[in-house]
């Protein structure tokens, strides 16, 4: 678990995590997508499917740091564009 935590902190959504004691590995986004499918029936039973949908949105649109970097790249490194994007997301209450 500590190694996976380090890998996730270091590589973010591009982390390759360890799945088991045999050393099998998987891209974190693939592992999360698989887990979301497995957890869907449980989430439905608990009435929290919307929470899983929020994680799906992150997988689809990228984590905040990824979206911020994309905005900065498109804006030629201008951080004002990143701030404007963050404000727009906060006002919308969801990733844009």
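Here is a list: 55, 87, 42, 83. Which entry is assigned to a helix (DSSP H, G or I) and surrounded by 14 or more Cβ atoms within 10 Å (Cβ to Cβ)? I'd like the intermediate steps shown before the answer.
Numbers: 87 fails: surrounded by 14 or more Cβ atoms within 10 Å (Cβ to Cβ); 42 fails: surrounded by 14 or more Cβ atoms within 10 Å (Cβ to Cβ); 83 fails: surrounded by 14 or more Cβ atoms within 10 Å (Cβ to Cβ).
Just one listed residue meets the conditions, 55.
Given the conditions (1) in a helix (DSSP H, G or I); (2) surrounded by fewer than 12 Cβ atoms within 10 Å (Cβ to Cβ); (3) over 18 Å from the mean Cα position of the chain (by Cα), which single one is not true for residue 50?
(3)
Find the residue count for region 21-39, including only residues that are under 20 Å from residue 94 (Cα atoms) and either in a loop (DSSP other than H, G, I, E, B) or under 12 Å from the mean Cα position of the chain (by Cα) (or both).
Within region 21-39, the first condition is being under 20 Å from residue 94 (Cα atoms), and the residues that meet it are 29, 32-33, 36.
Within this subset, residues satisfying the condition of being either in a loop (DSSP other than H, G, I, E, B) or under 12 Å from the mean Cα position of the chain (by Cα) (or both) are 29, 32-33.
Matching residues across region 21-39 total 3.
Tell me which of these residue 17 doesn't satisfy, since it passes every other one: (1) loosely packed, with under 15 Cβ neighbours inside 10 Å; (2) in contact with a helix residue (DSSP H, G or I) (Cβ under 8 Å, 6 or more places away or on another chain); (3) at pLDDT 95 or above.
Unmet for residue 17, out of (1) loosely packed, with under 15 Cβ neighbours inside 10 Å; (2) in contact with a helix residue (DSSP H, G or I) (Cβ under 8 Å, 6 or more places away or on another chain); (3) at pLDDT 95 or above: (1).
The values are calculated or read from the model by the stated rules, or taken from the named source; none is laboratory data. Since the model is a prediction, treat every value here as computed from it, not as a measurement. Note that we place each Cβ from the backbone using ideal geometry, even for glycine, and neighbour counts take in every protein chain shown.
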